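So the structure is just underneath, and the comments pick up after that.
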Amino acid sequence: FELPRLEESEGRLALSSLAGRVVLLNFWATWCEPCEREVPAMQRLYEALPRADFELVAVSIDDDPALVTAFRDRYRMDFPILLDRDQRVYKTYQTMGVPESLLIDRDGRIVERYVGPRDWDAPEYVERIRSLLEP
């Protein structure tokens with residue numbers, strides 16, 4: 001899939017451009033309190049893992065980019081944020097709600113589906129992702 005990035009100047013992002021990397025794909029919304037709770041741990045996870053091998057992509061299902069920008073700025077999120085206003089990608093992955101995250105291996109296969117918020121920087125999640133980073 002390909003979606004517009006939050007910042008129009010950054011263009012679009014295609015998941016295929018991340019081939020060869022482990023990806024945590026997180027579906028969320030600004031109005032979702034559990035999403036809000038997990039953001040600080042997601043940011044810490046993003047900072048802890050090498051960019052060459054890992055990417056965290058947050059897909060917002062909000063309608064208003066200004067709300068997403070304000071949320072991003074408030075929580076100092078510096079990982080890529082994509083906008084899925086029509087929820088096309090959200091529906092394609094048959095998500096059940098927000099937050100929901102998919103862990104995708106280097107070959108583009110979904111290896112885990114996490115429904116609900118997580119403490120992403122907890123050892124069990126960091127180690128699970130690190131295990132996929134190993135050659």
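Summary table
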| quantity | calculated |
| --- | --- |
| Selected residue (only one of VAL68, VAL59, VAL89 is under 21 Å from ASP121 (Cα atoms) and among the aliphatic types (A, V, I, L, M)) | VAL59 |
| The range 69-84, subset farther than 16 Å from GLU38 by Cβ and not in a loop (DSSP other than H, G, I, E, B), residue most open to solvent (accessible area, probe 1.4 Å) | ASP73 |
| Residue match in the range 105-112 (condition: open to solvent by less than 10 Å² (accessible area, probe 1.4 Å), within 19 Å of SER16 (Cα to Cα) and either modelled with pLDDT under 95 or not in a loop (DSSP other than H, G, I, E, B) (or both)) | no |
| Qualifying position, being closer than 23 Å to PRO117 by Cβ and in contact with a strand residue (DSSP E or B) (Cβ under 7 Å, 6 or more places away or on another chain), among LEU13, LEU67, LEU56 | LEU56 |
| Contacts under 7 angstrom Cβ, first residue in the range 29-54 being within 15 Å of VAL68 (Cβ to Cβ), partner in a helix (DSSP H, G or I), 6 or more apart | ALA29/CYS35; THR30/LEU67; THR30/VAL68; THR30/PHE71; VAL39/TYR75 |
| Residues (of a type in the set (A, V, I, L, M), open to solvent by less than 20 Å² (accessible area, probe 1.4 Å) and not in a loop (DSSP other than H, G, I, E, B)) located in the range 57-68 | VAL57, ALA58, VAL59, VAL68 |
| Matching residues, the range 85-102, being within 24 Å of GLY11 (Cβ to Cβ), over 12 Å from the mean Cα position of the chain (by Cα) and either of a type in the set (Val, Ile, Thr) or open to solvent by less than 10 Å² (accessible area, probe 1.4 Å) (or both) | VAL89, THR92 |
| Some residue of the range 12-23 being at pLDDT 95 or above, of a type in the set (A, V, I, L, M, F, W, C), open to solvent by less than 10 Å² (accessible area, probe 1.4 Å) and part of a strand (DSSP E or B) | yes |
| Test: residue in the range 35-48 that is among the β-branched types (Val, Ile, Thr) and touching a strand residue (DSSP E or B) at 6+ places or on another chain (Cβ under 7 Å) | no |
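The values are calculated or read from the model by the stated rules, or taken from the named source; none is laboratory data. For clarity, every value in this text was computed on a predicted model and none was experimentally measured. Cβ: placed from backbone, ideal geometry, glycine included. Neighbour counts: every protein chain shown. With ligands, DNA and RNA removed, areas are computed over all heavy atoms of the protein, side chains included. Shrake-Rupley method; radii C 1.70, N 1.55, O 1.52, S 1.80 Å.
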